[in-house]
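The structure appears right after this line, and notes come after that.
The values are calculated or read from the model by the stated rules, or taken from the named source; none is laboratory data. What you are looking at is a predicted structure, and each value in this text was computed from that prediction instead of being measured. Here the Cβ positions follow ideal geometry from the backbone for every residue, glycine too, while neighbour counts run over all protein chains shown. Heavy atoms of the whole protein, side chains included, go into the accessibility calculation; ligands, DNA and RNA do not. Shrake-Rupley method; radii C 1.70, N 1.55, O 1.52, S 1.80 Å.
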Amino acid sequence: QVHHAGLAALEQGEQVLPDSTIEAIERCGVALKGPCTTPVAEGFTSVNVQLRQRLNLFAAVRPVRNLPGVSTRFDGVDLVIIRENTEGLYVGVEHYIGMHGDPRAAAESVMIITRFGAERVCRYAFEYARAHGRKKVTLAHKANILKFTQGLFLEVGREVAAEFPDIEWEDRIIDATAMQLVLDPY
């Protein structure tokens with residue numbers, strides 16, 4: 001059964017994310033989702049963000065591994081990235097700030113990290129590692145600059161890591177992590 005979202009839903013005269021689409025996903029417990037067009041820098045809030053929030057899809061699980069027969073710079077890459085999907089900048093709290101008589105002189109986004117959300121995604125990562133025979137969890141963060149939001153995330157990550165002594169744990173600054181993934185993903 002097909003249910004629309006995004007621009008396709010609007011073209012059908014429906015809301016950008018119809019309740020019937022959410023209800024069908026909840027009823028079936030699964031969905032195959034194709035691309036949902038979201039206008040860039042205008043229009044409606046991202047359908048993907050709305051789906052994540054309405055369905056509580058807090059963990060984006062992204063396996064990264066080599067495919068047989070595909071030549072790459074590195075062989076044997078096999079890692080999993082788990083990203084928090086509903087907090088941080090994904091809470092969608094943003095607005096324009098009027099200055100000097102211009103109501104759109106500046107814009108502001110608010111990053112929100114909760115102890116609950118940080119613990120939930122960190123615990124998910126450790127439980128995923130344990131269930132899939134992974135030996136290590138690395139928490140990538142920006143706590144060197146964003147002391148409160150990312151600092152809370154890092155603090156909670158350390159607390160959760162202490163509950164999983166069988167899994168190696170480290171934290172790294174995200175900039176260095178991204179560079180290391182490109183230079184030497186092992």
Single condition MET179 does not satisfy, out of (1) among the aliphatic types (A, V, I, L, M); (2) farther than 24 Å from LEU57 by Cβ; (3) open to solvent by less than 70 Å² (accessible area, probe 1.4 Å): (3)
Residue that is most open to solvent (accessible area, probe 1.4 Å), among those in the stretch 102-118 that are among the hydrophobic types (A, V, I, L, M, F, W, C) and more than 14 Å from GLY88 (Cβ to Cβ): ALA107
Subset tally (residues that are open to solvent by less than 50 Å² (accessible area, probe 1.4 Å), of a type outside the set (A, V, I, L, M) and in a helix (DSSP H, G or I)) for the stretch 124-166: 7
Residue identified as under 30 Å from HIS4 (Cα atoms) and open to solvent by 70 Å² or more (accessible area, probe 1.4 Å) among VAL40, VAL64, VAL93, VAL121: VAL40
